[in-house]
Amino acid sequence: MATIGIDVGGGSIKGALVNEENQIVKQCTRVNRINRSSEEMAEDMADIIRELTQDGPAEAVGIGLPGTVDDEAGVVVYTPNVGFRKYDLRAALKEMTGYEVHLINDANAAAFAESQIGAAQGAESVVVVTLGTGIGGGVVIGGKLLTGYTGAASELGHMVIVKDGEPCGCGRKGCFEAYASATALVRMAKKAMAEHPESMMNELAEKDGKVGARTAFEAYDAGDPTAVSVVNEYLDWLAEGLANLINIFFPEVIALSGGIANRGESLIKALEERVYPRTHGSAYALKRTKLAICSLGYESGMIGAALYAKSVME
Ligand SMILES: [Zn+2]
């Protein structure tokens, strides 16, 4: 029987019907925005469940949310960007649809999907790191998600790598996210552009009307010396954090996702050179963590939520 996976984001709520071969057979989306009420969002999810079960019932329903969830209680504890605060989503959806839903953090859902059927398929221990506006992540150990005491584990982006460093959205300073997210790369690029008006990045930014991670990478590819030093600095920071994660978890695979991961093999190569010398005992290790790019794209959140719901039913 098919399973439903729903991925709640700030801009949309996406649902997918996933068959027993783990393929998406039907999808539907509702527009979402910041500051809607919990009830409105729950109604959208109920709508999605009804639409996806028109041709027959689902075995399980999993919902991925951008924040902290307590799946035992069925409660969305806190989502910083969409407005859930201690909301009993399971009770609400049970009443509206009859389904007992399961809740999972969205980054954990993506990590679970990549570990089951994506870039890290077959690996028992996997760390997924999402390089976007912030840094998200998920950790799978022995085939199981690491969720921690309150369900809030695996906030990989908020590991401090510089004491009293750059301010972070979480309130601390010097987090990995403040040095290795796409936002951090843009900050470094802007600073270098002001100091080096001759840099090609200034020209590219004017053409695009904004400075993005792409501005730095495009100029880097063209050999612009300022961009080369910005990107190298960024890669060094990213490597510091990834090496810490390897030293803590020693996973079989670390898989990267998010816009910057679209750099693909050239990113992996640049990181391998930087990460391995920083990992503990690497000179003597017979095996080492494989660095990879996630393969499921935006579908990973929906597929992961569906696979998670199925896994807790079994
Ligand atoms: Zn932080």
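Some points to look at:
- The one condition in (1) surrounded by 14 or more Cβ atoms within 10 Å (Cβ to Cβ); (2) closer than 22 Å to Trp237 by Cβ that Val140 fails to fulfil: (2)
- Of everything in region 150-161 that is more than 15 Å from Thr68 (Cβ to Cβ) and in contact with a helix residue (DSSP H, G or I) (Cβ under 7 Å, 6 or more places away or on another chain), the residue that is farthest from the ligand (Cβ to nearest atom) is Ile161.
- Residues of region 179-211 satisfying the condition of being without any contact (Cβ under 8 Å) to a residue 60 or more places away in the chain and small (Gly, Ala, Ser): Ser181, Ala184, Ala189, Ala192, Ala194, Ser199, Ala205, Gly209
- Qualifying residue in region 176-186 (condition: surrounded by 22 or more Cβ atoms within 10 Å (Cβ to Cβ) and more than 16 Å from the ligand (Cβ to nearest atom)): yes
- Residue match in region 164-173 (condition: within 16 Å of the ligand (Cβ to nearest atom), among the charged types (D, E, K, R), free of Cβ contacts under 8 Å to residues at least 24 places away in the same chain and open to solvent by less than 70 Å² (accessible area, probe 1.4 Å)): yes
- Screening Gly143 with (1) in contact (Cβ under 8 Å) with a residue 40 or more places away in the chain; (2) out of contact with any Phe, Trp or Tyr (no Cβ under 7 Å at 6 or more places or on another chain); (3) in the same structural domain as Ala213 (by TED's automatic domain parsing) gives one miss only, at (1).
- Top-ranked residue of region 256-292 - restricted to ones that are closer than 26 Å to Thr29 by Cα and not polar (S, T, N, Q), ranked as surrounded by the most Cβ atoms within 10 Å (Cβ to Cβ): Leu256
- Verdict on Glu198 being open to solvent by 80 Å² or more (accessible area, probe 1.4 Å), assigned to a helix (DSSP H, G or I) and modelled with pLDDT of 95 or more: no
- Test: Thr147 is at pLDDT below 95 and either within 16 Å of the ligand (Cβ to nearest atom) or open to solvent by less than 20 Å² (accessible area, probe 1.4 Å) (or both): no
The values are calculated or read from the model by the stated rules, or taken from the named source; none is laboratory data. Just so it is clear, the model here is predicted, and its values are computed rather than measured. All Cβ positions, even for glycine, are placed from backbone atoms using ideal geometry, and neighbour counts span all protein chains on display. For accessibility, only protein heavy atoms count, side chains too; no ligands or nucleic acids. Shrake-Rupley method; radii C 1.70, N 1.55, O 1.52, S 1.80 Å.
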